[in-house]
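Here the structure is laid out as structure tokens; the discussion comes afterwards.
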């Protein structure tokens, strides 16, 4: 079992440049450029990169399922669970992979 956790300050995403956005986020993740959303997605991707250190940002795409729960999509089979939370100035994510 592997666990990745990350916490980010939401304000980091208030004035982020387009070059950085495109380097980190899939187009579907950029449909909502609200800093709250971006911070949560970033934290989730950072969790994945901690579990898979040879990966890059675009290897993981964070999407909401029909029930609203976030999920990780990859090119390969990926069996893991993701949770994202926000509180005041911070976003946190945890990923668990068996």
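The values are calculated or read from the model by the stated rules, or taken from the named source; none is laboratory data. Since the structure is predicted, the reported quantities are computational estimates derived from the model, not experimental observations. Neighbour counts are summed over all protein chains in view; Cβ atoms, including those assigned to glycine, are modelled from backbone coordinates with ideal geometry.
For this structure, a couple of remarks:
- Region 46-70 - residue that is in contact with a helix residue (DSSP H, G or I) (Cβ under 7 Å, 6 or more places away or on another chain) and free of Cβ contacts under 8 Å to residues at least 24 places away in the same chain and, of those, farthest from residue 91 (Cα to Cα): 55
- Residue within region 45-53 that is loosely packed, with under 14 Cβ neighbours inside 10 Å and at pLDDT below 95 present: yes
- Some residue of region 89-96 being free of Cβ contacts under 8 Å to residues at least 60 places away in the same chain and closer than 19 Å to residue 10 by Cα: no
- Residue in region 10-25 that is closer than 17 Å to residue 96 by Cα and either free of Cβ contacts under 8 Å to residues at least 40 places away in the same chain or part of a strand (DSSP E or B) (or both) present: no
- Residue in region 19-27 that is on the phi > 0 side of the Ramachandran plot and loosely packed, with under 11 Cβ neighbours inside 10 Å present: no
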